[in-house]
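A.B. asks: I'd like to ask you about the structure that follows.
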Amino acid sequence: MQLEQFIREHGEELLRLAYTYVKSREAAEDVVQDVLLKAYEQREQFRGGSTYRTYLYRMTINRSYDYLRSWSYKNTVLTNKIQQIFQGTKSAEQQVLTQSDNRLLGQAVLDLPVKYREIIILYYYKELKIDEIANLLSCSDNTVKTRLKRGREKLKDNLEGGAWDDEFSSEASN
């Protein structure tokens, strides 16, 4: 089977599936491109333990999860939150703010007290889990959760707006 035919057969269905997870057409296209390329290259290794469609679905779901855990996704979410905070500004101001979102966020994190900053960096930037951070810093899981919550609150105050939604507070319970 040719690559183009393989993409025509499976691409659209996998794109819809990926979109239900990543909620962005561009990200879904990237996920499906990765999955289709990998599946095509490894098509001879398929063992037949399930249908090929199920196999492709599982690959797509797993790759979607990988994307959602990635810094690229978290950076996009944080940038969108910063844009929401400053929605009421003039368009020229908004263009300047959009260009400096990452710098603004980075500076706000660096302005946090060390005990909060290290938790925020380890959790969001290094993508460590609560228990991994607790082991690394030799403290309890609850201490990490508390510092993460307080660090987010201080970060929110530093960013002057508080338009962050509950998405970030629910992550600490994982």
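Please treat every number below as a calculation from the coordinates, not as lab data. Note that the structure is a prediction, hence the values are computed from the model and not measured. Here the Cβ is made from the backbone with ideal geometry for all residues, glycine too, and neighbour counts use every protein chain on show.
A.B. asks: Could you check the simple spin-label distance between Arg25 and Gln45, using points 7 Å along Cα→Cβ, in nm with one decimal?
C.D. replies: Computed distance between label sites Arg25 and Gln45 equals 3.3 nm.
A.B. asks: On to the next question. Which order do the peptides 148-157, 44-53 come out in when sorted by mean C-beta neighbours inside 10 angstrom, highest first?
C.D. replies: Packing order, densest peptide first, comes out as 148-157, 44-53.
A.B. asks: Shifting gears a bit: Report, to one decimal in Å, the Kirkwood hydrodynamic radius for segment 3-69 based on all distinct Cα pairs.
C.D. replies: Averaging 1/r across every pair of different Cα atoms and inverting gives 11.8 Å.
A.B. asks: Based on the Cβ-Cβ distance of Asp157 and Lys38, what FRET efficiency does E = 1/(1 + (r/R0)^6) give at R0 = 35 Å, to the nearest 0.05?
C.D. replies: 0.20
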